[in-house]
Amino acid sequence: MRQLLWSTFLPWVRVPGAPVYGPVDAPADLPGYRPYVADHELPGTTVDDIRARKVCTRILAAEPERTAEAAALLDRLGLAHHGAADWTTVGEWLRDRPTDAATPSLVLDVGLLLGRRIVEARDAARWLPDDDSTLAYPFIVLGLTPIALPLQAAEAGADLGAVLTTALEAQEETEDDEELDESA
């Protein structure tokens, strides 16, 4: 009921008590890592599309800084992060790592770095904020075709190498493809 009231009357404001990226100390297994700190909700926890757009915009604005942080951490840990096999290993490491206060930031950072690798590898691929839901997960598109959901994949413990491969092999839908789909 509380979320409904907030989303109805104050959709641009964070619901009090919603989880945020608060300041946390980096655990010993993440040497030199500086977790993301922001007073906005985690993706998937916003309750209104207006608020989700604001959160998504802030996440994408932080992407350059957060991808640099994630890349530096993975480098310090000796985890390569370029090819599909590398990303499968990164995903396994992330999935097997014990959950702690730094986990939400780490998942965000790894997802953003995976998305950056996809954008760098595909001409015309770009981040797009999710304007159609209340979830605040940015995704990767090629033209207008969604080709990857890297933050959700990292959060879900998916095979990140498969996510990379699928995105690199995805084809952009054209208007001709859409016309064929509609006539079937």
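The values are calculated or read from the model by the stated rules, or taken from the named source; none is laboratory data. On a predicted model such as this, the values are computed, not experimentally measured, just so you know. Cβ atoms come from the backbone with ideal geometry, glycine included; neighbour counts cover every protein chain shown. Just so you know, the surface numbers come from the protein's heavy atoms only, side chains and all, with ligands and any DNA or RNA stripped out. Shrake-Rupley method; radii C 1.70, N 1.55, O 1.52, S 1.80 Å.
Per atom type, segment 71-175 shows carbon and sulfur on 54% of its accessible surface, probed at 1.4 Å.
In a reduced charge model with +1 at each Lys and Arg Cβ and -1 at each Asp and Glu Cβ, segment 87-156 shows a dipole moment near 200 debye about its Cα centre. Nearest 0.05, what FRET efficiency do Ala85 and Leu135 give at R0 = 30 Å with Cβ-Cβ as r? Calculated transfer efficiency: 0.50.
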